[in-house]
1. Do you know which residues across the stretch 141-152 are in a strand (DSSP E or B) and of a type in the set (D, E, K, R)?
2. Which of the residues belonging to the stretch 217-234 are at negative phi, of a type outside the set (Phe, Trp, Tyr) and not in a strand (DSSP E or B)?
3. Residue 170 passes all but one of (1) buried (at least 17 other Cβ atoms within 10 Å of the Cβ); (2) closer than 30 Å to residue 239 by Cα; (3) of a type in the set (Gly, Ala, Ser); (4) in contact (Cβ under 8 Å) with a residue 60 or more places away in the chain; which number fails?
4. If we keep just the residues of the stretch 312-353 that are surrounded by 16 or more Cβ atoms within 10 Å (Cβ to Cβ) and among the acidic types (Asp, Glu), which is modelled with the highest pLDDT?
5. Pairs under 6 Å by beta carbon, first residue at positive phi in the stretch 121-141, partner in a loop (DSSP other than H, G, I, E, B) and at pLDDT 95 or above, six or more apart or different chains?
6. Looking at (1) closer than 30 Å to residue 243 by Cβ; (2) at pLDDT 95 or above; (3) among the polar types (S, T, N, Q), which is the one condition that is false for residue 195?
7. Exactly one condition in (1) farther than 26 Å from residue 348 by Cβ; (2) under 23 Å from the mean Cα position of the chain (by Cα); (3) modelled with pLDDT under 95 is false for residue 269; which is it?
Amino acid sequence: MDLGQVLHMNGGVGEKSYANNSLLQQKVISTTKLLRDESIINVCGNTLPKSLAIADLGCSCGPNTLLVISETIKVVEKLYKKMTHKSPEYKIFLNDLPGNDFNTIFQSLDTFKENLRNEIKTEMDHCYIFGAPGSFYSRLFPDNSMHFVHSSYSLQFLSKVPEGVDDNKGNIYLSSTSPSNVLKAYYDQYKTDFSYFLKCRAQELVEGGCLFVTLIGRQSEDPSSKEISYLWDFMSVALNDMVLEGIIKEENLNSFNVPLYYPSLSEVKLEVLTEGSFSINQLDSSQIIFKELDNYKDAFNSKISGSLTEDGYNLGQCIRAIAEPLLVGHFGESVTKEAFNRFQKYVTDNVPKDRTKITNITMILTKRP
Ligand SMILES: C[S@@+](CC[C@H](N)C(=O)[O-])C[C@H]1O[C@@H](n2cnc3c(N)ncnc32)[C@H](O)[C@@H]1O
């Protein structure tokens, strides 16, 4: 499976779209705001560059796509005004895989700039926004060209399904019944991918430039621990039932695994130190309890309606918006639709939202001289 072609979030603005089901991700972006503000101020430092290059990796398409960018520009504008300095020129790069709906983003840019102009009372003609399609597990930008590179909720995706996971039978991700060679294959793929990601970003950032990443991680050192990955167990149950009912062929299920890895804090730290291009300003984990999302009103006044239903936050729908294209690529439309209907029921019946948490890892790294 060529992930570059099949991996993308559910497009459009319908009930099952990512745009309408990314409240969790928006909450995460809001919780890291203060740290992000501090980091961009540090990057501008005393030198106040005339031209700032900023990238968002795994930007997707929806209300979150330009959120970090607009918040970052506002902070920079405030800083430059305070220092009685002319606003810088902004070069903004929005990256995602080629299957992402870049056209919809491009169509929204005039409105984005106009809103920003009205809000910060500054002309936005010196703000240039570019699409940068491609995998962040490859070089995306020229040497020493970026000041601030941000990514939220994207780096838990691997570049591919690890090789040698054929005997992960009955599972579609790491689980308590996954053989040890499967756990190792996933960890090895994570190390290879993350280390190469760091190497590429180090070449692209200017000296002192900042890499700010938040991703889904885990608390336990055991990669097969339940935590958030038990959600994939529910999808495995749904798919296995469909095998028993003759809707899916067993070999078709056995050849499907999701290209994700939720690392622990110590796994992230080890890789950053081993790769060696960055110093660590901050590396922390935090948790969000799903129940908190039931009453969450987005901090940025954007419209993400689908995630909130009469029963509160709809976790099943959030996962569907992220994973549906991946399953469609392997099982086809109708099987995937049925699998998600069953999955939604398992989630509604079995996930205690007040006890279910998601672990986020945030790292703020500076490129070493
Ligand atoms: C869950 S979405 C997060 C979107 C957005 N940053 C947010 O916080 O709402 C993850 C995004 O990462 C993108 N992605 C996954 N692997 C990628 C890769 N190797 N290169 C670029 N983008 C990738 C996916 O296509 C998807 O749009």
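The values are calculated or read from the model by the stated rules, or taken from the named source; none is laboratory data. Here the structure is a predicted model, which means the values were calculated and not measured. FYI the Cβ positions are ideal-geometry reconstructions off the backbone, even for glycines, and counts take in every protein chain you see.
1. none
2. 219, 220, 221, 222, 223, 224, 225, 226, 228, 229, 231, 233
3. (1)
4. 338
5. Listed by first residue and then by second, the contacts come to 134/140.
6. Tallying (1) closer than 30 Å to residue 243 by Cβ; (2) at pLDDT 95 or above; (3) among the polar types (S, T, N, Q), residue 195 fails exactly one: (1).
7. Result: residue 269 fails condition (3) only.
This table checks each residue for (1) under 29 Å from residue 331 (Cβ atoms); (2) at pLDDT below 85.
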position	(1), (2)
168	yes, no
219	no, no
226	yes, yes
234	yes, yes
